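What follows is a short report on a single structure.
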C-alpha cells in the first residue's frame with residue numbers, strides 16, 4: 001500500500017496513511033475556494049476531479065466544467081503527478097492549504113508547521129508504507 005508523503009527533495013517531513021485525499025485552498029486574491037481530489041497510486045498522485053466555486057483574476061472556468069452544488073466540477077487530464085509541488089507563503093492572506101480525507105479537513109500546518117520563508121515549497125508524493 002502507498003501513502004501520502006509530504007516533504008521536499010525526497011526528504012519526508014510527514015507521512016499520512018491515505019488512499020485518497022482532497023487538496024483545498026482559497027485563492028490568495030479572489031478568496032474563492034479551489035478543491036482537487038487525488039487518488040494515491042504507485043505511479044503517483046492521480047488528479048480525479050477538481051472544483052472551483054467561482055471565477056476571477058486568473059481563474060477561468062475550464063471548458064466542459066459543470067455547475068453542481070455551487071461549484072464548477074471538471075476532470076483535468078493529467079498524467080500521475082510525482083511529486084506535486086506546492087508553494088506555501090506566510091504572506092498569503094488566504095491561508096494555508098488544507099488536506100481533507102474521510103475524517104475531515106486539516107491545515108497543512110498541522111503536519112508541517114506554519115508556512116515559513118525558509119521552506120517556501122512543499123512536495124506531495126506517493127510513497128510506500130513503512131514495513132513492520
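Considering the chain as a Gaussian network with a 10 Å cut-off on Cα pairs, which listed residue, 53, 85, 68, attains the greatest mean-square fluctuation?
Fluctuation is largest for 68.
What's the exposure ranking of 69, 119, going from fewest to most Cβ atoms within 10 Å?
69, 119
Figure the gain on full extension for residue 86 and residue 111 (residue separation times 0.36 nm, minus the Cα-Cα span) and round it to one decimal in nm.
7.5 nm
In whole angstrom, and with the biggest value first, how far do the Cα coordinates of the chain range along each principal axis?
On the principal axes, the chain reaches 46, 31, 26 Å in Cα extent.
Throughout, read-outs are computed from the coordinates displayed, never taken from laboratory work. Remember, it's a predicted structure, so these values are computed and weren't measured experimentally. Counting neighbours? That spans all protein chains shown, and the Cβs are built from the backbone with ideal geometry, glycine included.
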